[in-house]
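Encoded as structure tokens, the structure appears first; notes follow it.
The values are calculated or read from the model by the stated rules, or taken from the named source; none is laboratory data. In this text the structure is predicted, and so the values were computed from the model without any measurement. Using ideal geometry, Cβ is built from the backbone for each residue, glycine included, and neighbour counts are taken over all protein chains shown.
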Amino acid sequence: MGRNVAGRAAAAVGWIVGCWLLSSGLAVAPAAAPAVAPAVAPAGAPAVAPGAGSAAGSGRALVAAPAGASQGLEEAVPGPDVRAEAGADRGSALWRAGDRDGAVAAWMAALDEAGAAGAPLQERARLAYNLGVSEAARGEAMRSVAWFEAALRAAPGLGDARYNLDLARAEAGLGPRTGDGLLESLEAASGALTPGESEWLALLGALLFAGAGLLEALRGGRWARRWLVLVAVSQPVFFAPLALHLSERGSEPFMVIDPAGVQLRAAPEAGAERVGSLPAGEVVSYLDKLPGWTKVRVGGEARWVPSEALFELRL
């Protein structure tokens with residue numbers, strides 16, 4: 001009996017965690033998001049298939065349309081707010097007619113409508129993607145980077161946004177989105193899943209752990225113990241994406257979009273003491289706001305920066 005204590009304990013822990021995930025409402029399948037108006041290509045910029053070689057320094061054009069989108073306007077699937085979708089379609093029509101300012105205004109209005117109506121993040125990500133393409137066409141590389149980054153944070157599976165982000169970052173003189181270290185790679189891999197997908201992955205890991213523990217408790221044997229150990233050491237893989245998303249809940253990420261970077265101030269005044277600086281593309285957490293100034297967290301400290309130098313990434 002004593003040799004199966006570990007198996008019983010593993011089974012109990014796995015079932016407890018699995019039940020907690022289900023009862024807390026975490027493991028909910030992500031809502032299927034309708035496709036809104038497709039992104040359109042800047043005049044003279046051909047569409048390039050995503051993933052066709054390295055983006056940085058390739059000189060290739062931005063991807064013009066989301067994956068699977070036709071060159072013409074697509075019919076929008078009814079969503080939670082008809083006005084948001086109508087604005088998205090109107091923006092695409094204006095862009096193709098040459099009214100780019102009108103298109104951007106329509107997409108921005110549609111994004112506001114989608115947020116107010118609680119539309120799926122995938123829908124909002126498509127709008128942010130369109131706005132990223134429009135900023136790239138205007139030569140606003142940093143704003144284009146910010147819009148593509150916002151789209152990816154809302155919908156990590158939006159491959160065209162990831163590809164275009166690499167191109168936009170290269171155009172803005174920034175490095176790759178992720179570093180070469182193991183932690184950065186793991187964080188990038190975890191961020192490739194939506195919160196709903198990460199919750200299902202964690203539930204799967206908990207159930208596998210419970211099943212392996214139950215098998216060890218009931219059958220025992222060398223192979224059952226080895227299976228339990230294998231499942232146990234793989235648990236970080238199952239729970240890392242969920243831990244990442246939980247750590248980001250309640251935070252409001254902002255990106256520095258001033259190409260020259262920004263000076264950190266001890267107080268919300270232009271003449272206040274300088275206490276550091278942030279480079280373009282740096283992402284910080286929002287704390288507070290005053291007219292013309294935003295308080296952010298940098299290295300655990302509260303600092304002030306001009307609001308015009310920041311871009312909110314949460315859609």
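Just one residue in the set ALA109, ALA150, ALA141, ALA114 is crowded, with 24+ Cβ neighbours inside 10 Å and out of contact with any strand residue (DSSP E or B) (no Cβ under 9 Å at 6 or more places or on another chain); that residue is ALA114. Restricted to segment 192-232, and to residues there that are under 24 Å from LEU158 (Cβ atoms) and not in a helix (DSSP H, G or I), the residue that is modelled with the lowest pLDDT is ALA192. Checking the structure you have, find out if any residue of segment 234-243 is of a type in the set (A, V, I, L, M) and either in contact with a strand residue (DSSP E or B) (Cβ under 7 Å, 6 or more places away or on another chain) or closer than 29 Å to GLU171 by Cβ (or both). No: zero hits. Restricting the first member to segment 293-315 and to residues that are free of Cβ contacts under 8 Å to residues at least 24 places away in the same chain and in a strand (DSSP E or B), and the second to residues that are of a type in the set (A, V, I, L, M, F, W, C) and buried (at least 20 other Cβ atoms within 10 Å of the Cβ), the beta-carbon pairs closer than 8 Å and six or more apart or on different chains are ARG297/VAL284; ALA302/VAL296. Among the residues of segment 127-158, the ones that are modelled with pLDDT under 90 and not small (Gly, Ala, Ser) come to 4 in all.
Of the residues in segment 276-291, how many are closer than 14 Å to LEU264 by Cα and touching a residue at least 24 places away in the same chain (Cβ under 8 Å)? Counting residues in segment 276-291 that are closer than 14 Å to LEU264 by Cα and touching a residue at least 24 places away in the same chain (Cβ under 8 Å) gives 8.
Check segment 254-262 and report whether any residue there is farther than 27 Å from TYR129 by Cα, over 23 Å from the mean Cα position of the chain (by Cα) and at pLDDT 85 or above. The answer is no; no qualifying residue exists. Reported count of residues in segment 264-292, each being outside any loop (DSSP other than H, G, I, E, B) and under 23 Å from ALA170 (Cα atoms), is 4.
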